[in-house]
Amino acid sequence: MRAPGSQSSLREANSQRILEAVRTFGAITQVELAAATGLSAATVSNIVKQLECDSVLVTSATTRSGRRAQQVSLAPTSQLAFGVHITARSLRTYLGDISNTVQHSSELPLPVDHRFDTTLDRAALLLGEAVEEVGATLDDVVAVGVALPPNLLATMTGGALHGWEDVDVAETLSRRANRPVVLEQQADAAAMAEARFGSLRGSSCAIYVRAEETIEAAILIRGQLHRGIRGPAGALGHVQVDPSGPICRCGARGCLNTAVSEDALADLLRLSHGPMNLRQIVASAQRGDAGCRQVIADTGAVVGPVLANSALMLHPEAIVIGGALATAGELFLGPIRDALRARPLLGSADELLVASELTRHAEAIGAAALAYDSVQTPGPAGRIVG
Ligand SMILES: [Zn+2]
């Protein structure tokens, strides 16, 4: 046993700090590692060399602000995590290792009002198939992460999976897949994926907005998800936009979600276009349909000021917009950028607003990353069953 305070225990503690920082930021230069851990450049360099010899880290040449730098990331491993994203209309899965070397991904449309038992059965079957296809075994999968709409994880409703309210998803899937299962809100999972492997890599303070069935947001501080204490953080869709508006599912009046949810957008188009879902509205807009383009631009103009006002509280270095509405591109993002521009304190709106890199795969990738974390450092990240 090593004495506390000895050289080797200090080195071990420093190695842990470096590993933790690389895990948090996905990929990071040695200079950034020194700043993030408070260790000297020489110590970082020595420890990175050792961890590279041990096949824990890999380094590659990169450039930062025009200068050459050593980028450090986690080495691929044989341990895998499985991410599942369940929405009202689709089931997406992702199987990968901690360095985000994608092994397998799939996407399955689901019928409206799909039942939890058949959907969770499918998720377990897809895990078995994915593992077989990459030549691994179930034992290689350390855990399963499930990204879900917020109503399944908190009393604050919206983006509902009907008939799932009383289902213990973690317990049910854990029994069927025979692996530990963690649950996460879909916006938080997507934000985590962008932070580790996408457009928020290296960002220490950022907002991720998921604009789809409803408007949800996630907040990253020092590369970690900020979680609410008595309810979810990032409930952007429940900011009031109309004091005399309709009552929201949360019980309050005139929330953003009552104005720009998928249902609200479909209502605006029902008379002229008949029933449509959000993907159809976005696809029609992209084909040039004037009514659908108007609805999406108006949605950006409603979401923009709410986001700009909320961002003032945090002053993030980046805001990423994901979800189906973001796939409408400038039509949706343009009015949001204009609203950010109208708040000069936030700095350059062009630099602040960043495109999602992982798009519709972000939630499943993030769920897998959080599943991985749950077995490395059991703690507040999701609920572990199994
Ligand atoms: Zn509300």
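Looking only at the stretch 252-276, count how many residues are among the polar types (S, T, N, Q) and more than 12 Å from the ligand (Cβ to nearest atom).
Within the stretch 252-276, residues that are among the polar types (S, T, N, Q) and more than 12 Å from the ligand (Cβ to nearest atom) number 1.
Residues checked against (1) of a type in the set (F, W, Y); (2) touching a residue at least 24 places away in the same chain (Cβ under 8 Å); (3) within 13 Å of the ligand (Cβ to nearest atom):
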| residue | (1), (2), (3) |
| --- | --- |
| V209 | no, yes, no |
| L220 | no, yes, no |
| G228 | no, no, no |
| G237 | no, yes, yes |
| C250 | no, yes, yes |
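From (1) away from the ligand (no atom under 16 Å from the Cβ); (2) in contact with a Pro (Cβ under 7 Å, 6 or more places away or on another chain), pick out the condition that doesn't hold for V182.
The single condition V182 does not satisfy is (2).
Having 2 or more residues that are among the small types (G, A, S) and in contact with a Gly (Cβ under 7 Å, 6 or more places away or on another chain) is the bar; report the strands (runs of 3 or more DSSP E) wholly within the stretch 125-233 that clear it.
In the stretch 125-233, the matching strands (runs of 3 or more DSSP E) lie at 141-148, 215-221.
Return yes when A217 is assigned by TED's automatic domain parsing to the domain that holds R337 and touching a Phe, Trp or Tyr at 6+ places or on another chain (Cβ under 7 Å) and no when it is not.
It is true that A217 is assigned by TED's automatic domain parsing to the domain that holds R337 and touching a Phe, Trp or Tyr at 6+ places or on another chain (Cβ under 7 Å).
S310 passes all but one of (1) farther than 13 Å from I215 by Cα; (2) out of contact with any Leu (no Cβ under 8 Å at 6 or more places or on another chain); (3) within 16 Å of the ligand (Cβ to nearest atom); which number fails?
Condition (2) is where S310 drops out.
What single numbered condition from (1) over 24 Å from R196 (Cβ atoms); (2) buried (at least 18 other Cβ atoms within 10 Å of the Cβ) fails to hold for L10?
Checking L10 against (1) over 24 Å from R196 (Cβ atoms); (2) buried (at least 18 other Cβ atoms within 10 Å of the Cβ), the one that fails is (2).
Among L126, L108, which is surrounded by fewer than 18 Cβ atoms within 10 Å (Cβ to Cβ), at pLDDT 90 or above and either within 21 Å of T172 (Cβ to Cβ) or of a type in the set (D, E, K, R) (or both)?
Being surrounded by fewer than 18 Cβ atoms within 10 Å (Cβ to Cβ), at pLDDT 90 or above and either within 21 Å of T172 (Cβ to Cβ) or of a type in the set (D, E, K, R) (or both) holds for just one of L126, L108, which is L108.
Might you check whether a residue that is closer than 19 Å to I321 by Cβ and either assigned to a loop (DSSP other than H, G, I, E, B) or aliphatic (A, V, I, L, M) (or both) occurs anywhere in the stretch 266-274?
no
Just to be sure I understand, how many residues within the stretch 277-294 are in a loop (DSSP other than H, G, I, E, B) and either under 30 Å from P232 (Cα atoms) or within 16 Å of the ligand (Cβ to nearest atom) (or both)?
Summing the residues that are in a loop (DSSP other than H, G, I, E, B) and either under 30 Å from P232 (Cα atoms) or within 16 Å of the ligand (Cβ to nearest atom) (or both) in the stretch 277-294 gives 1.
Restricting the stretch 245-271 to residues that are surrounded by 15 or more Cβ atoms within 10 Å (Cβ to Cβ) and among the β-branched types (V, I, T), which is farthest from V209 (Cα to Cα)?
Selected residue: T258.
Taking the criterion of being of a type in the set (K, R) and within 10 Å of the chain's Cα centre (by Cα), would at least one residue in the stretch 212-224 satisfy it?
Scanning the stretch 212-224 turns up no residue that is of a type in the set (K, R) and within 10 Å of the chain's Cα centre (by Cα).
Which condition breaks for V375 when tested against (1) in a helix (DSSP H, G or I); (2) buried (at least 16 other Cβ atoms within 10 Å of the Cβ); (3) modelled with pLDDT under 95?
Just one mismatch for V375, condition (2).
So how many residues does the stretch 227-246 have that are among the β-branched types (V, I, T) and at pLDDT 95 or above?
Looking only at that region, the number is 2.
Which numbered condition in (1) in a strand (DSSP E or B); (2) in contact with an Asp or Glu (Cβ under 6 Å, 6 or more places away or on another chain) is the only one that Q70 fails?
(2)
If I filter the stretch 239-248 down to residues being closer than 21 Å to L325 by Cα and not β-branched (V, I, T), which single residue comes out as farthest from the ligand (Cβ to nearest atom)?
That would be Q240.
The values are calculated or read from the model by the stated rules, or taken from the named source; none is laboratory data. Please read all numbers here as calculations on a predicted model, not as lab measurements. Note that each Cβ is placed from the backbone with ideal geometry, even for glycine, and that neighbours are counted across all protein chains shown.
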